[in-house]
Amino acid sequence: MISGKKNLQIPQVDASLDKPLDKDAPPTIYGTSLTPELATASLNLSVDFIKQQQSIANKFLLFHPFTLFSIGTIVTLYLALNLYYPGNITSSSISGYLYQFFLLNKRQLGTGAILTLGSTSFIFTLLSRVTDAYFKSKINEVTNSNGEVIFGVNLPKLSSSNDSKEANSPQLKNTHIVVYRQTPIALVTVNENKVLSSDESLVMSMSSIGCRRVYIKSGILEDLLDWSMIRTRTIAKEGKYGQSMKLVYAIYSFDEEMKKVLLRKGFKKVQSVKIRDNRLLGGLFGIETELWGVQFRIEPTK
């Protein structure tokens with residue numbers, strides 16, 4: 001008699017990021033590796049981290065000197081051509097002069113204020129379309145590969161069966177997911193950098209790290225970095241590497257908060273290059289991809 005293994009769809013942990021956490025769930029928090037039940041939630045979280053980067057990029061572009069200069073130029077040209085400067089205004093104080101000037105130019109100043117808001121909204125809309133196209137391509141890279149470019153496994157196949165090749169992949173241990181009130185809220189995943197690693201030194205790259213927006217300043221990112229360094233050390237000990245190892249992570253130059261987190265954990269900027277996927281973002285606005293890393297060693301046992 002030939003027996004076969006039946007493939008069943010694994011029930012998924014709720015992966016909705018727009019819903020608040022279940023208040024009735026036990027207030028427990030724990031970490032776990034990637035499992036079939038967490039496949040969909042992990043994919044959603046990794047995509048959400050990219051969307052967070054897009055939001056930061058939009059804010060950076062809005063307050064970029066070029067954007068402010070463009071808005072200022074538009075408003076200044078309008079006011080210069082439309083303000084009324086009568087020569088018969090007399091006043092014994094500067095405040096009195098400004099008051100009379102305001103009365104004479106109320107309509108022009110009001111229009112200038114509306115023009116400022118309108119031009120800001122127009123320019124921001126244009127820039128948002130640029131960032132949307134850029135980051136949508138990054139999201140498509142993740143979704144089109146079924147998460148494999150991030151996690152090293154095909155997530156739909158992982159979620160389909162406990163008996164699949166993906167469910168038994170050692171790569172699952174390279175992802176750490178933080179679960180709070182039975183809801184995944186943060187994760188980090190590391191992969192060996194085959195290009196930079198050698199027999200003498202292991203180099204691990206973080207392909208994704210982040211948490212739900214509400215927890216960004218809770219210190220959870222520092223905990224994820226600690227786990228990544230511990231995982232790197234474990235892999236180095238288990239493999240045929242030397243005592244030196246490095247953990248690296250590529251971030252965008254506008255992500256100032258993440259830079260502060262990395263600095264607190266001992267990371268340093270290794271190199272930076274302007275993004276080449278989008279000439280406007282990389283050229284006009286000077287956005288760069290920065291590679292940050294921390295190097296440490298396995299201390300020999302005494």
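Tabulated results
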read-out: Given (1) touching a residue at least 24 places away in the same chain (Cβ under 8 Å); (2) farther than 30 Å from Val13 by Cβ; (3) of a type outside the set (Phe, Trp, Tyr); (4) out of contact with any helix residue (DSSP H, G or I) (no Cβ under 8 Å at 6 or more places or on another chain), number of the condition Asp163 does not satisfy; value: (2)
read-out: Residue check for Val190: among the aliphatic types (A, V, I, L, M) and part of a loop (DSSP other than H, G, I, E, B); value: no
read-out: Some residue of region 142-162 being aromatic (Phe, Trp, Tyr) and buried (at least 21 other Cβ atoms within 10 Å of the Cβ); value: yes
read-out: Which numbered condition Leu202 misses (of (1) surrounded by 13 or more Cβ atoms within 10 Å (Cβ to Cβ); (2) at pLDDT 95 or above; (3) outside any loop (DSSP other than H, G, I, E, B)); value: (2)
read-out: Close pairs (9 angstrom Cβ cut-off, 6 or more residues apart or separate chains): over 28 Å from Ile139 (Cβ atoms) in region 23-45, surrounded by fewer than 16 Cβ atoms within 10 Å (Cβ to Cβ) and among the polar types (S, T, N, Q) anywhere; value: Ala25/Gln182; Pro26/Gln182; Thr28/Gln182
read-out: Yes/no for Gly118 being at positive phi and of a type outside the set (A, V, I, L, M); value: no
read-out: Of residues in region 231-259 being under 22 Å from the mean Cα position of the chain (by Cα) and small (Gly, Ala, Ser), the one surrounded by the fewest Cβ atoms within 10 Å (Cβ to Cβ); value: Ala250
read-out: Contacts under 6 angstrom Cβ, first residue in region 1-22 being at pLDDT 70 or above, partner basic (Lys, Arg), 6 or more apart; value: Leu21/Arg181; Asp22/Arg181
read-out: Scope region 228-271; condition among the basic types (Lys, Arg), touching a residue at least 24 places away in the same chain (Cβ under 8 Å) and touching a helix residue (DSSP H, G or I) at 6+ places or on another chain (Cβ under 9 Å); matching residues; value: Arg231, Lys246, Arg264, Lys265, Lys268
read-out: Residue within region 218-226 that is acidic (Asp, Glu), touching a residue at least 12 places away in the same chain (Cβ under 8 Å) and either assigned to a loop (DSSP other than H, G, I, E, B) or farther than 23 Å from Ser33 by Cβ (or both) present; value: no
read-out: The lone exception for Glu288 - which of (1) at pLDDT below 95; (2) of a type in the set (Asp, Glu); (3) touching a Ser or Thr at 6+ places or on another chain (Cβ under 9 Å) it fails; value: (1)
read-out: Residues located in region 90-138, provided they are within 30 Å of Ile150 (Cα to Cα), of a type in the set (A, V, I, L, M, F, W, C) and in contact with a helix residue (DSSP H, G or I) (Cβ under 9 Å, 6 or more places away or on another chain); value: Leu127, Val130, Phe135
read-out: Residues of region 260-302 that turn out to be assigned to a strand (DSSP E or B), of a type outside the set (Phe, Trp, Tyr) and either over 30 Å from Leu127 (Cα atoms) or under 18 Å from the mean Cα position of the chain (by Cα) (or both), as a count; value: 13
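The values are calculated or read from the model by the stated rules, or taken from the named source; none is laboratory data. A quick note: this is a predicted structure, and the numbers were derived from the prediction, not measured. Here Cβ is always computed from backbone atoms with ideal geometry, including for glycine, and neighbour counts include all displayed protein chains.
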